[in-house]
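These notes are about the structure you will find just below.
The values are calculated or read from the model by the stated rules, or taken from the named source; none is laboratory data. For clarity, every value in this text was computed on a predicted model and none was experimentally measured. Using ideal geometry, Cβ is built from the backbone for each residue, glycine included, and neighbour counts are taken over all protein chains shown. Heavy atoms of the whole protein, side chains included, go into the accessibility calculation; ligands, DNA and RNA do not. Shrake-Rupley method; radii C 1.70, N 1.55, O 1.52, S 1.80 Å.
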Amino acid sequence: THILNETQMEWCVVNRKGCTTLLSALQRNGGEECKLIGLIVIDGPTPLLQTLAERSNLQLVSYASILSKGVAKIQAETDAKSPSFIISPSPNTYATISYTSGSTGLPKGVILTHGNLMCSMSSVSLHLLPLEITNQDRHLSYLPLAHIFKRLVTSAILANGGSMGFLSLFGPDP
């Protein structure tokens, strides 16, 4: 809940397991400072998660419903010369916040801009592109997505048409 409070995050994307963990933490720790409005559940909310979310006054939305709304908006605006949903970031626009593990105290966040990421991406691409990544390539990841190098590798692979799988040492989500 520390990161939710510090970032004043309004929406968070989680899977069912992460949703359960987050809702439990919010109920345990209160969440008075939390600005969270809702959770987008990648594998869809269950009735139990819906009940837990209602106790915390949070909305649960499936990722599939977000995608369908996006597709509908794109289809409705395809004839527009400048669709209203396209907002181009500047190099100084915040792209992500990368947090430490908090092993020496509370986790600390570092704000990375689009300029930071594009500079790093160009360096990663310079070294990865000789590999000629295509839509036939698959990458098995064992680093957590919170790891900044993992974010760069993921972006480089996806930008060049490759796909990824993520190793889980804890088995499938419930």
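Quick rundown of the values:
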| item | result |
| --- | --- |
| Out of 38, 44, sole residue that is in contact with a Phe, Trp or Tyr (Cβ under 7 Å, 6 or more places away or on another chain) and over 21 Å from residue 101 (Cα atoms) | 38 |
| Residue count, segment 89-103 (criterion: modelled with pLDDT of 85 or more and out of contact with any strand residue (DSSP E or B) (no Cβ under 8 Å at 6 or more places or on another chain)) | 1 |
| Test result for residue 54, closer than 30 Å to residue 118 by Cα, open to solvent by 90 Å² or more (accessible area, probe 1.4 Å) and among the acidic types (Asp, Glu) | no |
| Among residues of segment 22-31, those that are farther than 18 Å from residue 59 by Cβ and either assigned to a helix (DSSP H, G or I) or open to solvent by 60 Å² or more (accessible area, probe 1.4 Å) (or both), counted | 2 |
| Selection from segment 1-17 of residues that are buried (at least 16 other Cβ atoms within 10 Å of the Cβ), under 15 Å from the mean Cα position of the chain (by Cα) and not in a strand (DSSP E or B) | 4, 16 |
| Some residue of segment 148-157 being among the hydrophobic types (A, V, I, L, M, F, W, C), open to solvent by less than 60 Å² (accessible area, probe 1.4 Å) and in a loop (DSSP other than H, G, I, E, B) | no |
| Failed item in (1) out of contact with any Lys or Arg (no Cβ under 7 Å at 6 or more places or on another chain); (2) open to solvent by 70 Å² or more (accessible area, probe 1.4 Å); (3) modelled with pLDDT under 90, with residue 85 passing the rest | (1) |
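Condition check ((1) over 19 Å from residue 3 (Cβ atoms); (2) modelled with pLDDT of 90 or more; (3) in contact with a helix residue (DSSP H, G or I) (Cβ under 7 Å, 6 or more places away or on another chain); (4) loosely packed, with under 12 Cβ neighbours inside 10 Å) across all residues:
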| residue | (1), (2), (3), (4) |
| --- | --- |
| 33 | no, no, yes, no |
| 38 | no, yes, no, no |
| 41 | no, yes, yes, no |
| 60 | yes, yes, yes, no |
| 64 | yes, yes, no, no |
| 72 | yes, no, no, yes |
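Results for (1) among the acidic types (Asp, Glu); (2) open to solvent by 60 Å² or more (accessible area, probe 1.4 Å); (3) over 24 Å from residue 6 (Cβ atoms); (4) outside any helix (DSSP H, G or I), shown as yes or no for each residue.
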residue	(1), (2), (3), (4)
96	no, no, no, yes
103	no, yes, no, yes
111	no, yes, no, yes
117	no, no, no, no
120	no, no, no, no
125	no, no, yes, no
135	no, yes, yes, yes
144	no, yes, no, yes
